[in-house]
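Following: one structure in structure tokens, then a few remarks.
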Amino acid sequence: MLSIIQAAGWPIWPLVACSILALALIIERFASLKTAKVAPPKLLEEALAVSRTTVPAPDVVKQLEQNSALGEVLASGFRALNSDPRCSENDLRATMENTGRAVAHRLERYLSALATIASAAPLLGLLGTVIGMIEIFGSQGAVTGTGGANPAQLAHGISVALYNTAFGLIVAIPSLIFWRYFRARVDEYLLTLELSAERFVRHLNQLRR
């Protein structure tokens, strides 16, 4: 691998940095977008059960808030009722929507960076290709003692061009695949949060009455 990087020349180093960053972002997103950390399947039912007759105590609300992203949204509804038991349905909905926006922003974190890497990696590979072509044409003008082009410089230019093109695609393709995967996963989570929050608002509105 090191020999390939050396053969590709300096233009490949930005691609190496992009590959390391992309790998770190993919690992981080896999860890952060686990179902248990975002929307545990039974959490909504548990929240409805503990508030069947009244709003739970602040320590229960805090525990719910720290449970997951969905728990944070549901806990914001409890907090709104605890702070103002007579708050309107619109105020209650607005409070949960604001919390939902903050959660959505956190779920989408680093996705734009991964998309940027997927878009920029082929361009960086193309830059390396152009630099390699420049070296090839430069070698044509470097006349040896026999009057031909310098074969070593010609081979180096070709290797720079091909290695950078290939490495740019190697970085871009997995980055694009994982970006689309995480984008779809976040959209699915956001839909779950939205539907759960809507159901929870109706429950709290009935509880308040």
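Coordinate-derived values only; no laboratory data. Everything numeric here is computed off the predicted structure, so don't read it as measured data. We place every Cβ from the backbone using ideal geometry, glycine too, and count neighbours over all the protein chains shown.
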*Pull up the cross-link candidates among the aspartates and glutamates for Lys34, meaning alpha carbon to alpha carbon under 20 Å and not fewer than 8 places away within one chain.*
Glu45, Glu46, Glu65, Glu72, Glu108, Asp187, Glu188, Glu194
_Using a Förster radius of 30 Å, what is the FRET efficiency between Asp187 and Val60 based on their Cβ-Cβ separation? Nearest 0.05, please._
0.45
*asked:* Compute the orientation-averaged projected area for the stretch 1-124 from the convex hull of its Cα atoms and round it to one decimal in nm².
replied: 10.5
*With Cβ to Cβ distances under 13 Å as the rule, what net charge do the other residues near Met96 carry (K, R +1; D, E -1)?*
-2
*P(r) histogram, all alpha-carbon pairs of the chain included - 10 Å bins from 0, percent*: 8, 25, 19, 14, 12, 10, 7, 4, 2, 0
*Once both labels are modelled 7 Å past Cα along the beta-carbon direction, what's the Leu48-Ala17 spacing in nm?*
5.2
_Unit charges at the beta carbon, dipole of the stretch 2-208: most positive-side option, Leu15, Pro85, Gly100_ = Pro85
